[in-house]
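Trainee: Have a look at this one before I ask anything.
The values are calculated or read from the model by the stated rules, or taken from the named source; none is laboratory data. Owing to the predicted nature of the structure, the values given are computational and were not obtained by experimental measurement. No Cβ is skipped: glycine too gets one built from the backbone with ideal geometry, and neighbour counts run over all protein chains shown.
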Amino acid sequence: MPLDAIPSYVPENLDTQWSSVSSFFEERWWWKKLEELSSLKEDWDSYGSRPIQPEARELAAKLLSDLVKTDMPEPQIFPVSGGGIQLEWENLKCELEIEVLPDESIEYLIVDEEGKMYEGKIPQYNNFVEVACLTKWFKSEKPSINDLLNVYVPTL
């Protein structure tokens with residue numbers, strides 16, 4: 001039986017902590033991909049790359065857990081040669097790449113519809129503000145790098 005065919009047994013008038021909880025499977029679609037990438041062994045790309053490091057995996061999981069609360073589309077998820085994880089979004093107007101590194105920093109690359117590129121680094125992912133600015137930019141009607149830089153001055 002598919003999971004969405006299983007009825008909910010929480011009465012509508014019951015006010016419990018569980019009444020507003022979303023399905024674990026709905027919110028954690030990305031967990032399986034992180035688990036798969038974490039099973040990569042040393043030299044997974046035949047160029048001597050390190051396996052995904054636990055710090056990068058944990059930070060990527062936190063970031064994705066935060067992004068589930070927004071209306072960002074699902075990213076493509078890839079391993080990075082230094083033991084990190086890359087998240088990519090692309091639409092007809094722009095691109096956003098976020099690279100989660102083992103030192104718990106985040107690097108990003110944005111490309112607007114004119115082909116202008118900008119990259120930066122978030123030294124520590126302690127809150128959602130920096131990534132929220134990038135995701136808001138990605139979802140905007142006309143994503144321009146200049147507009148992003150006018151409202152958000154990233155840490156370089």
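Trainee: Could you tell me which residue of the stretch 9-29 is modelled with the highest pLDDT, considering only residues that are aromatic (F, W, Y) and surrounded by 11 or more Cβ atoms within 10 Å (Cβ to Cβ)?
Mentor: W29
Trainee: Suppose we keep only residues that are touching a Leu at 6+ places or on another chain (Cβ under 7 Å) and among the hydrophobic types (A, V, I, L, M, F, W, C) within the stretch 72-102. Which one would you say is surrounded by the most Cβ atoms within 10 Å (Cβ to Cβ)?
Mentor: The residue in question is V100.
Trainee: Would you mind finding the one in K32, K41 that is closer than 30 Å to Q124 by Cβ, at pLDDT 50 or above, assigned to a helix (DSSP H, G or I) and not aliphatic (A, V, I, L, M)?
Mentor: Just one listed residue meets the conditions, K32.
Trainee: Restricting to the stretch 116-131, name every residue that is modelled with pLDDT under 85 and surrounded by fewer than 16 Cβ atoms within 10 Å (Cβ to Cβ).
Mentor: P123, Q124, N126, N127, F128, V129
Trainee: Next question, about the same structure. Kindly indicate whether L63 is surrounded by 13 or more Cβ atoms within 10 Å (Cβ to Cβ), touching a residue at least 60 places away in the same chain (Cβ under 8 Å), within 20 Å of K121 (Cβ to Cβ) and of a type in the set (A, V, I, L, M, F, W, C).
Mentor: Against the criterion (surrounded by 13 or more Cβ atoms within 10 Å (Cβ to Cβ), touching a residue at least 60 places away in the same chain (Cβ under 8 Å), within 20 Å of K121 (Cβ to Cβ) and of a type in the set (A, V, I, L, M, F, W, C)), L63 qualifies.
Trainee: Scan the stretch 132-141 residue by residue and report those that are among the hydrophobic types (A, V, I, L, M, F, W, C) and crowded, with 18+ Cβ neighbours inside 10 Å.
Mentor: Passing the criteria: L134, W137, F138.
Trainee: Give all pairs with beta carbons closer than 8 Å in which a residue from the stretch 129-151 that is free of Cβ contacts under 8 Å to residues at least 12 places away in the same chain meets a residue that is crowded, with 17+ Cβ neighbours inside 10 Å and in a helix (DSSP H, G or I); count only pairs at least 6 apart in sequence or on separate chains.
Mentor: D147/W137
Trainee: Can you name every residue in the stretch 47-60 that is on the phi < 0 side of the Ramachandran plot and surrounded by fewer than 14 Cβ atoms within 10 Å (Cβ to Cβ)?
Mentor: Selection gives Y47, P54, E58.
Trainee: Quick check on my filter: what residues within the stretch 65-77 are within 16 Å of E130 (Cα to Cα) and not in a loop (DSSP other than H, G, I, E, B)?
Mentor: S65, D66, L67
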